[in-house]
Amino acid sequence: NFEWHNPTKLVVKADGGPEIADYILKDGHKSVLLVYGQQAIKKIGLYDNIVTQLSKNKIQIFDLSGIRPNPEIKKVIEGINICRNNNIDCVLAVGGGSVYDSCKAIIVGAKFPADVPSSKIWECFEGTRQVDSALPLYGVLTISATGSEMNCGGVVQDDEQKKKWGFGSVNCYPRVSIIDPKIQAELPWFQQTNGFVDAIMHLLEFITNAEEPEIVETTYALDISLIKSIIKCGNILQYDQHNYSARANFCWAATCALNNLSSVAIPGCGAVHFLQHAMGAVNPKISHGAGLGVAFPAFVKVNAQRGLKLKTYSRIAQDVFGRQGWQGLVEGFQEMLRRWGHPTSLDELFERKMEQGDRDELLRVYMLKPAGSFKQGTDIEEFAREVYKNM
Ligand SMILES: [Zn+2]
């Protein structure tokens with residue numbers, strides 16, 4: 001028994017980015033907060049094209065730039081203040097998952113009652129403040145990875161407290177998201193592979209969490225197909241950056257990996273993402289996708305050594321990599337990472353020897369909010385310690 005709902009309109013179109021202005025106009029908005037990262041969207045001309053189109057539609061533009069990967073709550077608060085001080089109608093994300101995620105928090109904070117300070121937005125991440133409403137969100141996606149363009153969740157961090165936490169609300173689905181696969185061909189390869197791995201990991205988090213894949217056969221079959229499609233497209237793009245159909249197919253698969261479709265009838269998700277979030281919280285320079293690639297094999301190994309999920313791991317190993325057993329899953333996965341030039345150990349990821357103290361710190365940060373699905377009765381701290389030890 002399940003419900004499926006996704007209200008986001010998704011447009012995949014070469015050179016389609018500036019058309020977002022038409023959707024904003026059609027919905028009757030007169031002002032927008034345009035949120036983006038560094039200078040990348042200016043270099044490729046996307047910023048100018050969007051601004052021109054917004055101006056043509058007589059939409060007043062406010063700017064918030066400098067959203068970094070592993071986005072920080074301070075920027076979110078800055079965005080909320082701009083919205084509140086100027087009575088802005090809607091928010092436009094132009095960028096990747098970090099920009100989208102930050103915007104989801106901005107649209108919530110922008111609707112706080114006048115007597116609630118903007119900084120209280122962090123309480124939504126702590127789970128102590130309810131999300132009642134939000135400004136409309138629009139977006140142009142420049143890197144496919146997180147699925148944020150078509151879901152209602154976001155992850156932001158507080159550097160001082162070393163907390164990288166998520167929140168979600170039905171109020172936070174983007175109204176319209178436009179993906180232009182063409183511009184993603186210009187991204188550095190490492191950034192692209194981070195996207196491939198992140199999307200694959202969203203799918204693996206779900207299907208490895210299903211104790212018996214047979215019960216969710218349709219979801220399982222869908223997810224396996226998406227994983228295989230991402231690997232296939234990734235392999236093509238490695239040597240043919242401008243292959244549009246491989247690029248567009250990857251984009252669509254990455255969106256489907258986390259738009260509620262891939263998780264139908266699967267309760268909760270694994271813990272690999274949350275174990276990875278601790279890495280980003282400890283060092284914001286660590287890429288999400290790269291960290292996931294390092295964490296997943298260790299996670300599988302620790303489960304398997306406890307005799308957990310063996311049947312599920314075997315089936316995925318066979319269906320995706322044509323290999324046997326949980327070892328086959330780990331080997332196939334790591335071979336894929338190496339082919340794409342991705343790190344496979346914590347030392348490679350942090351580019352230095354990771355001592356016991358470093359692993360203890362990751363564990364400490366993870367235990368601030370030890371999220372994920374575990375078998376009842378699991379000593380989560382002990383489990384997580386084992387995983388970090390095996391990375
Ligand atoms: Zn992710």
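The values are calculated or read from the model by the stated rules, or taken from the named source; none is laboratory data. All values reported here derive from a predicted model rather than from experimental measurement. Using ideal geometry, Cβ is built from the backbone for each residue, glycine included, and neighbour counts are taken over all protein chains shown. We work out accessible area using only protein heavy atoms, side chains counted, and drop any ligands, DNA or RNA first. Shrake-Rupley method; radii C 1.70, N 1.55, O 1.52, S 1.80 Å.
A 1.4 Å probe run over the protein chains yields, for the stretch 119-266, 36 Å² of accessible area per residue, whole-number rounding. Selection among Ile20, Phe321, Phe125 by position relative to the dipole of the chain gives Ile20 as farthest towards the positive end (Cβ unit charges, Cα centre).
Modelled spin labels at Ala185 and Glu212, positioned 7 Å past Cα toward Cβ, are 4.8 nm from each other.
Counting only DSSP H runs of at least 4 residues, each contributing -39500 (n - 2.57), and dividing by the residue count of the chain, the helix-based mean residue ellipticity at 222 nm comes to -14500 deg cm²/dmol.
Beyond 32 Å in Cα-Cα separation lie the following of the pairs Lys228/Lys285; Lys58/Lys104; Lys162/Lys301; Lys74/Lys309: Lys74/Lys309. Remark: the Thr128-Gln376 segment gains 86.8 nm on full extension, using 0.36 nm per residue and subtracting the alpha carbon distance.
Basic side chains Lys and Arg get +1 at the Cβ, acidic Asp and Glu get -1 at the Cβ, and with that the dipole of the chain about its Cα centre reaches some 420 debye. Expressed as a whole percent, the accessible area of the chain that falls on carbon and sulfur atoms is 50 (1.4 Å probe). Each residue of the stretch 68-84 was assigned a 3J(HN,Hα) from its phi angle through the Karplus expression (A = 6.51, B = -1.76, C = 1.60, θ = phi - 60°), giving 9, x, 6, x, 9, 5, 4, 5, 4, 5, 4, x, 4, 4, 4, 4, 5 Hz with x at Gly and Pro.
Under the criterion of Cα pairs below 8 Å and six or more residues apart, the relative contact order for the chain equals 16 percent. Is the C-alpha gyration tensor of the stretch 1-87 telling us rounded, prolate or oblate? Criteria: a/c under 1.5 is rounded; beyond that, a/b larger than b/c is prolate, otherwise oblate. Rounded shape, in that the Cα axes give a/c under 1.5. Between the alpha-carbon centres of the stretch 327-366 and the stretch 242-257 there is a gap of 26 Å. Backbone N atoms of the stretch 122-143 closer than 14 Å to the 7 Å Cα→Cβ label point of Asp158 belong to residues 122-129. Classification of the chain by its C-alpha gyration tensor yields a prolate form. The axis ratio a/c (a ≥ b ≥ c) is 1.5 or more, and a/b outweighs b/c. Evaluate the relative contact order of the stretch 173-243 (contact order divided by residue number), counting alpha-carbon pairs under 8 angstrom at least 6 apart; express in whole percent. It comes to 36 percent, rounded to a whole number. Distance between the pseudo-spin-label points of Lys30 and Asn283 (7 Å out from Cα toward the beta carbon): 5.0 nm. One Cα centroid belongs to the stretch 187-233, the other to the stretch 107-176; the line between them spans 25 Å.
Leaving ligands, DNA and RNA out of it, rank Trp326, Trp122, Trp252 by accessible area with a 1.4 Å probe, largest first. Provide the component values of the computation, followed by the final result.
Details: Trp326 55, Trp122 25, Trp252 125 Å².
So, going from the largest accessible area down, we get Trp252, Trp326, Trp122.
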